[in-house]
Amino acid sequence: MSMLREVLRINRFAVTAEFAPPKGTDMDHMRVCVRLAKGRIHAANVTDFQSAVMRISSLTACKVVMDEGVEPVIQITGRDRNRIAIQGELLSAGVLGIKNLLAVTGDHPRMGDHPNAKPVYDLDSVGILQAATTFMSGTDLEGNNLNGRIEFFLGGAVSPTRETMMPQILKMRKKIAAGAKFFQTQAVFDLDLLREFRSRTATLDASVLAGIVLLKSANMARFMNRNIPGVSIPDAVVGRLDRFTGREQMNEGIRLAGELIRTVRSEGLADGIHIMAVGAEERVGQILDEAGL
């Protein structure tokens, strides 16, 4: 059974962290980051061509994570594969013993480093969840029998904002109907928003992990506000980072992340947290130290 599933089942505060595969074949830095997080997190999310940038696939990087003794969460993006390839990826994950799956629709290729690539979007995130659920019943999407049993703990992403909260909750319901048992949110900095979201989703039959992004600088916060859908970083947070310079901005970002995690945990605003260190994955342990975890 998935460790992440068991932790959430017994109502322990779950901790996951995101790791981006490299753009190239040198896995040394990723291995180091995973080793530093080992024993501190319950699962490592491995992104799948994050931000539409060509990298090592999530499937291969998940194998590296497993080799380091950490449980992975494979991400499968609908943007880059048709349903044949997606189902093949599911089978491959099953052979490797990967237990957790996060289904993602994916940013359009024009957002990434191959803007002329043709998007596929044969299946969106709901369709990928439906495919995985169908697999777990023993058949593929065309009803053909599969040899061997596959079991996944299925998850989805959610981006709660005040403007889109109700449509996002409706999408969550569709994902739950398709098999999702946990959700990881986009970066949350507005705790009042998270309190409202928690209240509105309390009756849903799925766990929610609040997304915690490490802000490395005030300029990073401004960039995210301008360019990342579903992210809204308050002016007070940007101003707080602006009071520092150089490396101290990163340190203040770590303190901020720790404060957010402590509040989420103490108020029960989520069932756990999902740390996104965005290029500074070696700092995950420091964030957890700051949070008292």
Can we say Q87 is within 30 Å of R240 (Cα to Cα), polar (S, T, N, Q) and surrounded by 14 or more Cβ atoms within 10 Å (Cβ to Cβ)? no
Say we look at the range 138-175 and pick out the residues that are of a type in the set (K, R) and in a helix (DSSP H, G or I); which of these is surrounded by the most Cβ atoms within 10 Å (Cβ to Cβ)? K175
If I filter the range 242-253 down to residues being surrounded by fewer than 23 Cβ atoms within 10 Å (Cβ to Cβ) and in contact (Cβ under 8 Å) with a residue 12 or more places away in the chain, which single residue comes out as nearest to the chain's Cα centre (by Cα)? M250
Which numbered condition in (1) free of Cβ contacts under 8 Å to residues at least 60 places away in the same chain; (2) assigned to a helix (DSSP H, G or I) is the only one that L90 fails? (1)
V188 vs. criteria in contact with a helix residue (DSSP H, G or I) (Cβ under 6 Å, 6 or more places away or on another chain) and either within 30 Å of R262 (Cα to Cα) or polar (S, T, N, Q) (or both): yes
Can you work out which of the residues in the range 196-219 that are free of Cβ contacts under 8 Å to residues at least 24 places away in the same chain and not hydroxyl-bearing (S, T, Y) is farthest from F13 (Cα to Cα)? N219
Say we look at the range 260-293 and pick out the residues that are in a loop (DSSP other than H, G, I, E, B) and over 22 Å from F49 (Cβ atoms); which of these is modelled with the lowest pLDDT? L293
Do you know which of the residues in the range 90-106 that are more than 20 Å from R149 (Cβ to Cβ) and in contact with a Phe, Trp or Tyr (Cβ under 9 Å, 6 or more places away or on another chain) is surrounded by the most Cβ atoms within 10 Å (Cβ to Cβ)? L102
Residue count, the range 1-30, condition within 13 Å of E281 (Cα to Cα) and in contact with an Asp or Glu (Cβ under 6 Å, 6 or more places away or on another chain), comes to 1
Return the residues of the range 162-171 that are within 25 Å of L123 (Cβ to Cβ) and out of contact with any helix residue (DSSP H, G or I) (no Cβ under 7 Å at 6 or more places or on another chain); say none if nothing qualifies. T164, M166, P167, Q168, L170, K171
Out of curiosity, is F183 without any contact (Cβ under 8 Å) to a residue 60 or more places away in the chain, under 29 Å from F153 (Cα atoms), out of contact with any Lys or Arg (no Cβ under 6 Å at 6 or more places or on another chain) and surrounded by 20 or more Cβ atoms within 10 Å (Cβ to Cβ)? yes
Residues of the range 10-33 satisfying the condition of being of a type in the set (G, A, S) and in contact with a strand residue (DSSP E or B) (Cβ under 9 Å, 6 or more places away or on another chain): A14, A17, A20
Checked V15, V7 against criteria (out of contact with any Phe, Trp or Tyr (no Cβ under 6 Å at 6 or more places or on another chain), modelled with pLDDT of 95 or more and more than 21 Å from L214 (Cβ to Cβ)); the one match is V7
Of the residues that sit in the range 44-63 and are in contact (Cβ under 8 Å) with a residue 40 or more places away in the chain and over 17 Å from P115 (Cα atoms), which one is surrounded by the most Cβ atoms within 10 Å (Cβ to Cβ)? N45
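The values are calculated or read from the model by the stated rules, or taken from the named source; none is laboratory data. Keep in mind that this is a model prediction, so the values were computed, not measured. Virtual Cβ from ideal backbone geometry, glycine too; neighbours counted across all protein chains shown.
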